[in-house]
Every structure is written in C-alpha cells, then in structure tokens.
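In what follows, a structure is listed as structure tokens, so that the remarks can point back to it.
The values are calculated or read from the model by the stated rules, or taken from the named source; none is laboratory data. Quick caveat, the model's predicted, so the values are computed rather than measured. For accessibility, only protein heavy atoms count, side chains too; no ligands or nucleic acids. Shrake-Rupley method; radii C 1.70, N 1.55, O 1.52, S 1.80 Å.
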Amino acid sequence: SLFDNLFKKYGKQEVIMTLEDLFKILTQGRPSILQKAVIMSKFQRGLDDSTFADRFNYKIWDRLVEFFGSPEFESWNLSLCPMPIWVTRVKTGYYHLGFLDVDAIRTIQDYLRYMKVKKEKIFQSHEPLFLTTKGKPVSTQWVSKLIPELAKRAGVQKILTYYRTNIKRNAKTSHELRDLLKSIMITQNMQTWLCEMCIGHRLADSYEKQAQLFPDK
C-alpha cells in the first residue's frame, strides 16, 4: 500500500501495540459493551476488518449456538473453551481456523444480555451478531475506526508523520491486534505455520495441510 511503501522509504517510527496498550484501550478508552465484545473477538480470532465485518459477524452466532449446544447464552459452559471457528478471509479467499477463548465469550455474553434487556433483541439463525445503535451490522469502516478512536481516548494513541510528506497515520490501529496475537503465540512456542494460519496468512508451502488433515490437533 502507499502507507507501507512510504513507511519503508521514510519512516523511522515504530508501529506497535502492547498488551498494556490493549488493556488501557479496554478500560481507560471506555468502550461500550458492543465495542468491547468486537475488540476481544477480533483480537482473539486474529481477523482483518473486512473479514470480521463481512464474514465473521454473519457466522459467529450460529457457531456459538452449535458449539455450546444452546441459544440460551446464560447457560453456556465456558469450560469448553476455546471455541474453534473457521472463517474465509475476504482479501484472499483463504479458509482458515482460529479460536475464541473465555474472556472473549464473556464479552459476547455481556453484549447479548444488553441486547436482550435493553433492546429486546433475540438473535435468530443466520443473523449478524454485532449491530450498531441503528440496528445495522457493523461495517468494515466502523470496525477500522474503533481502535484509533478508543486509543486516543485512552491516551495511548500516537500520530506518525512521514518524512517530507504531509501524510500522517495512527500508530494504534486494528491491524496491530493481529500482530499482537501472532507475537503472543510465538512467545508461547506455537509452531510458525499455526501462528500464520490463525491470523489468516496462507501457508507458504502448499504441501503443508496440517490444519485440514489434523483439525483435532
């Protein structure tokens, strides 16, 4: 992209998000119940903005019901986590596996509770889960604006200025959530191919089919 090329040519500033940054975004950033559930789901599942909005959001409710065996979210047995979920990445068409663990599921339960009590909304099969205040499914643009705005409110946002250009860029964006997830998995000694797959990167070697051959692993 233009930003990436300019960064390689001119940039000397580091683009990074730490776990401490994410914690501040989720607390001092004062996210809504919806925003918190979106951030935790997007982070743990390792998705880009468009795949989250146009694929994951339309699949997650049915997958939750299937995995926990009931649409009654208050009765879900969280000891079954992490929950695996396959999603096709919009950009590449790559069908890949990832997971949601207990803390992401709990934020989803908080959101479902809010929608049931405050909005009298009961979700049905094949419906998108995450809805804006206008009742519309969250869009790619809505998701992409989320982290920069909350990071600014939390006081952790930095604006990067490119040398000899007028182009400026937020240091904290939703893309850095994927980098953070991959970095965490690497430090936990997970195999490289698995780290790449969980954030939607195709395996470099076309002969590597571990995910398809041994999904139970």
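Ordered from highest to lowest accessible area with the whole protein assembly present and a 1.4 Å probe, 130, 99, 68, 214 read as 214, 99, 68, 130. For the chain, the solvent-accessible area of protein heavy atoms averages 58 Å² per residue (probe radius 1.4 Å; ligands and nucleic acids excluded).
In terms of accessible area, using a 1.4 Å probe and ignoring ligands and nucleic acids, 126, 96 rank largest first as 126, 96.
Among the protein heavy atoms, those of residue 49 account for about 30 Å² of accessible surface (1.4 Å probe, every chain in place).
Pairs exceeding 30 Å between alpha-carbon atoms, taken from 24/209; 59/118; 91/168: 24/209.
Computed log10 I(q)/I(0) for segment 31-118 at 0.18, 0.26 Å⁻¹: -0.76, -1.47, from the Debye equation with unit scatterers placed on every C-alpha and solvent omitted. Quantify, in whole percent, the carbon and sulfur part of the accessible surface of the chain (1.4 Å probe; protein heavy atoms only). Its accessible area is 52 percent carbon and sulfur atoms. With N set to the residue count of segment 66-217, report its C-alpha Rg divided by 2.2 N^0.38 Å to two decimal places. Working it through for segment 66-217, the quotient is 1.25.
Computed on protein heavy atoms with a 1.4 Å probe, the accessible areas place 63, 30, 55 in the order 30, 55, 63, largest first.
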